Amino acid sequence: MKKLLLIWFTALLPLVGFCQDKLKITVHPGVELLTIIQILAGKYPQPNPSAYTKEALAYFEKYKDHPAVKKVASFDKTYTDLVELGWCMSDFPNIKIYEPAELSWYKYYGKENTLEYIKLCKDFF
């Protein structure tokens, strides 16, 4: 049985390299936007050091006083998955906002605060 598994994995090994050439990773622009805003507000764990991180933080540093940054900074406690609110945005760069009727974040921050934050994030863009 072990020999059979070893032969099977050995046969598949070349496919691993082949598949990686076609791998494409994308991030929803709304999630990326909210992540940057939370990082500027000090409400998100510092990202792993990378060229992208350094360039993004250097570029956006001048916007640290934007109302969206101040709004999320005013929240008592934030969670790393708050950036999922970015999924309420579509059609970048002409952003449209979807306002869900029910959202768990409404319990934490109130519906008006949450929707205001999303709109401020749109303005940040």
Item to check | Matching residues in segment 30-71 - criterion: being under 22 Å from Asp123 (Cβ atoms) and either free of Cβ contacts under 8 Å to residues at least 24 places away in the same chain or among the small types (Gly, Ala, Ser) (or both) | outcome: Gly30, Ile39, Ala41, Gly42, Ala56, Leu57, Ala58, Tyr59, Glu61, Lys62, Asp65, Ala68
Checklist entry - Phe92 passes all but one of (1) more than 22 Å from Lys107 (Cα to Cα); (2) assigned to a helix (DSSP H, G or I); (3) touching a residue at least 40 places away in the same chain (Cβ under 8 Å); which number fails? => result (2)
Next on the checklist: Restricting to segment 95-125, name every residue that is acidic (Asp, Glu), exposed (fewer than 15 other Cβ atoms within 10 Å of the Cβ) and in a helix (DSSP H, G or I).
Outcome noted: Glu112, Asp123
Checklist entry - Within segment 74-125, which residues are more than 21 Å from Ala56 (Cβ to Cβ) and among the acidic types (Asp, Glu)? => result Asp76, Asp91, Glu99, Glu102, Glu112, Glu116
Item to check | Answer from Glu102, Glu84 - the residue that is more than 12 Å from the chain's Cα centre (by Cα) and modelled with pLDDT under 95 | outcome: Glu102
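Let's see how each residue does on (1) polar (S, T, N, Q); (2) modelled with pLDDT of 85 or more:
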site: Ile7; (1), (2): no, no
site: Thr10; (1), (2): yes, no
site: Asp21; (1), (2): no, no
site: Thr26; (1), (2): yes, yes
site: Gly42; (1), (2): no, yes
site: Phe60; (1), (2): no, yes
site: Val72; (1), (2): no, yes
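Is there a residue being surrounded by 10 or more Cβ atoms within 10 Å (Cβ to Cβ), touching a residue at least 60 places away in the same chain (Cβ under 8 Å) and either touching a helix residue (DSSP H, G or I) at 6+ places or on another chain (Cβ under 9 Å) or not basic (Lys, Arg) (or both) anywhere in segment 72-79?
If we filter segment 72-79 for residues that are surrounded by 10 or more Cβ atoms within 10 Å (Cβ to Cβ), which is where we start, we get 72-75, 78-79.
So of that shortlist, the ones also touching a residue at least 60 places away in the same chain (Cβ under 8 Å) come out as none.
Scanning segment 72-79, I find no residue that is surrounded by 10 or more Cβ atoms within 10 Å (Cβ to Cβ), touching a residue at least 60 places away in the same chain (Cβ under 8 Å) and either touching a helix residue (DSSP H, G or I) at 6+ places or on another chain (Cβ under 9 Å) or not basic (Lys, Arg) (or both), so the answer is no.
The values are calculated or read from the model by the stated rules, or taken from the named source; none is laboratory data. Computed from a predicted structure; not experimentally measured. Cβ coordinates were reconstructed from backbone atoms using ideal geometry, including for glycine residues, and neighbour counts include every protein chain displayed.
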